Amino acid sequence: KRSVSALAQFGQKHVTKGLGRLTEAVFTKGEGCYVELDDGRRMLDFTSGIGVTNLGHCHPKVSKAAADQCMNLIHGQCSIAFHEPYLRLIEKLIPLMPDPSLDSFFFWNSGSEAIEGAIKMARWYTGRQNIITMQGGYHGRTFGAMAVTRSKTIYSEGCHPLMPGVFPVAFPYWHQHAVPPGTSEEELSKLSLYQLELVLSQQTNPKDVAAILIEPIIGEGGYVPAPTEYLKGLREVCDKHGILLIIDEVQSGFLRTGKFFAVEYTGVRPDIMVIAKGLANGFPLSGIVSRKEITDKLSPGSMGGTYAGNAVACAAGVAVADVMREENVQENVVARSKELFASLAELQKDPEVGPAILDVRGKGLMVAVEFASPTGHSHDPFVDPSAPANLAKRIAKRCQDKGLFILTTSVYEVIRFIPPLNISKEDLAKGTKIFAEAVKEVVQ
Ligand code: PMP
């Protein structure tokens with residue numbers, strides 16, 4: 001039998017190169033905010049497995065619920081019959097929905113699959129084909145999801161032509177409109193809504209548009225919250241033309257932003273909402289939520305999937321909802337978020353490194369620090385091409401050397417903070433201290 005370290009070398013040879021990695025070490029254990037590696041290191045994990053293990057690794061109540069379910073029923077195939085955890089989960093989720101109209105559920109395994117299903121539902125319900133998506137948006141790597149993903153070319157490289165009928169519009173962020181950093185949200189919303197108007201008059205008639213798809217806080221594409229005015233504007237456009245608004249809460253959902261769903265900050269009603277990641281704290285589970293009136297139009301059998309809504313994953317999902325309520329996770333997010341923003345504001349005030357920080361933004365524990373560093377877009381008129389390059393990646397690497405896993409985003413010079421939502425004050429302070437040291441060492 002190979003040792004774990006020997007297995008890592010075996011993996012280098014036998015695992016597809018298409019999979020990128022932050023480290024060549026191997027995870028051997030996860031516990032709360034920490035992961036252990038085969039080389040003996042115990043790392044503080046501010047990635048939460050890309051926003052999944054929101055209650056920390058192996059939360060005992062979630063693990064127990066899953067283990068108990070394993071002894072009872074693992075695979076109750078949803079096209080054969082309902083199973084109890086599937087229905088219990090719906091019972092738990094209904095009161096958490098951002099709008100009472102969201103009352104019809106379908107569970108799947110991954111975010112990408114749920115996005116595919118949402119597109120399918122929108123096309124079916126409206127009888128229209130086209131989808132409007134955001135430049136910078138990320139929705140997954142399967143074929144339909146890849147077509148609506150516009151955060152980085154790597155995700156669809158060599159795979160064109162993609163699913164037709166997708167029209168990207170600029171997200172309200174200064175990079176996308178070539179306006180100076182600091183441009184107001186109101187102005188950015190106006191620019192983006194104007195661009196949408198142009199697309200609807202020059203490229204696709206609104207009566208051919210099934211849905212507008214958006215992340216309320218754009219994730220892989222830079223951790224940028226969509227301004228309330230913009231989302232309200234999209235709602236108006238949808239209402240005017242009979243277009244469905246699909247809100248992708250895969251990364252921003254389940255208290256990540258301090259509210260159950262990020263869209264709650266805006267008061268905007270989604271027609272379809274896509275959920276995953278934090279839903280089951282690491283078990284593969286995603287969901288499409290919409291109005292019964294929409295799903296009643298579907299033909300039985302048009303939705304399904306062998307593992308869709310797996311019983312163990314659903315049981316874990318039920319436990320997640322219980323733990324979030326019983327352990328006051330929301331209060332923790334609000335308190336830790338304040339501390340995180342305060343520590344980043346301190347760093348911004350530092351005369352040595354402050355000028356390298358362009359922006360600190362986000363909500364709850366979905367927070368970004370953007371650096372003033374050229375990203376390779378030589379025509380970005382507002383970034384000094386002589387500033388040090390690749391700051392975010394170098395800072396993330398330095399954090400790793402110091403015992404902290406932290407992620408960048410796909411575009412711009414952004415470090416994203418996405419720690420477990422039940423992180424302690426001490427662990428958060430430990431991570432932000434490592435980050436501050438890494439910034440100082442890399443920037444100076
Ligand atoms: N939507 C968003 C907003 C995401 O962040 C992701 C994953 N990072 C997805 C969809 C795709 O989810 P999955 O990787 O589970 O397919």
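The values are calculated or read from the model by the stated rules, or taken from the named source; none is laboratory data. What you see is a predicted model, and the numbers here were worked out from it, not measured in a lab. Glycine gets a Cβ as well: all are built from the backbone with ideal geometry, and neighbour counts include every protein chain shown.
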Applying the selection to region 318-338, what residues are under 19 Å from residue 264 (Cα atoms) and outside any helix (DSSP H, G or I)?
328
Out of all the residues in region 19-35, is one or more without any contact (Cβ under 8 Å) to a residue 40 or more places away in the chain, over 20 Å from residue 275 (Cα atoms), basic (Lys, Arg) and out of contact with any strand residue (DSSP E or B) (no Cβ under 9 Å at 6 or more places or on another chain)?
yes
Collect the residues in region 1-22 that are over 26 Å from residue 156 (Cβ atoms) and outside any helix (DSSP H, G or I), keeping them in residue-number order.
1, 2, 3
Looking at residue 368 and the list (1) in contact with a Lys or Arg (Cβ under 6 Å, 6 or more places away or on another chain); (2) exposed (fewer than 15 other Cβ atoms within 10 Å of the Cβ), which single condition is not satisfied?
(2)
If I filter region 193-210 for residues that are away from the ligand (no atom under 16 Å from the Cβ) and modelled with pLDDT under 95, do I get at least one hit?
no
Failed item, numbered, when residue 142 is tested on (1) within 19 Å of the chain's Cα centre (by Cα); (2) β-branched (Val, Ile, Thr); (3) crowded, with 21+ Cβ neighbours inside 10 Å
(3)
Within region 339-358, residues being more than 14 Å from residue 432 (Cβ to Cβ) and in a helix (DSSP H, G or I) number 4
Which of the residues that make up region 193-202 are among the polar types (S, T, N, Q) and either in contact (Cβ under 8 Å) with a residue 40 or more places away in the chain or exposed (fewer than 12 other Cβ atoms within 10 Å of the Cβ) (or both)?
201, 202
It is to be established whether one or more residues within region 270-279 are over 20 Å from residue 86 (Cα atoms), within 16 Å of the ligand (Cβ to nearest atom) and in the same structural domain as residue 122 (by TED's automatic domain parsing).
yes
Please find, within region 213-259, the residue that is surrounded by the most Cβ atoms within 10 Å (Cβ to Cβ) out of those that are away from the ligand (no atom under 12 Å from the Cβ) and closer than 18 Å to residue 53 by Cα.
254
Any residue in region 383-405 that's part of a loop (DSSP other than H, G, I, E, B): show its pairings with residues that are at pLDDT 95 or above at Cβ separation under 7 Å, as long as the two are six or more apart or on different chains.
402/434; 402/437; 402/438; 403/41; 403/43; 403/44; 403/434
Among 321, 389, 368, 396, the single one that is of a type in the set (A, V, I, L, M, F, W, C) and not assigned by TED's automatic domain parsing to the domain that holds residue 426 is 321
Test: residue 319 is surrounded by 24 or more Cβ atoms within 10 Å (Cβ to Cβ), away from the ligand (no atom under 16 Å from the Cβ), modelled with pLDDT of 95 or more and hydrophobic (A, V, I, L, M, F, W, C)
yes
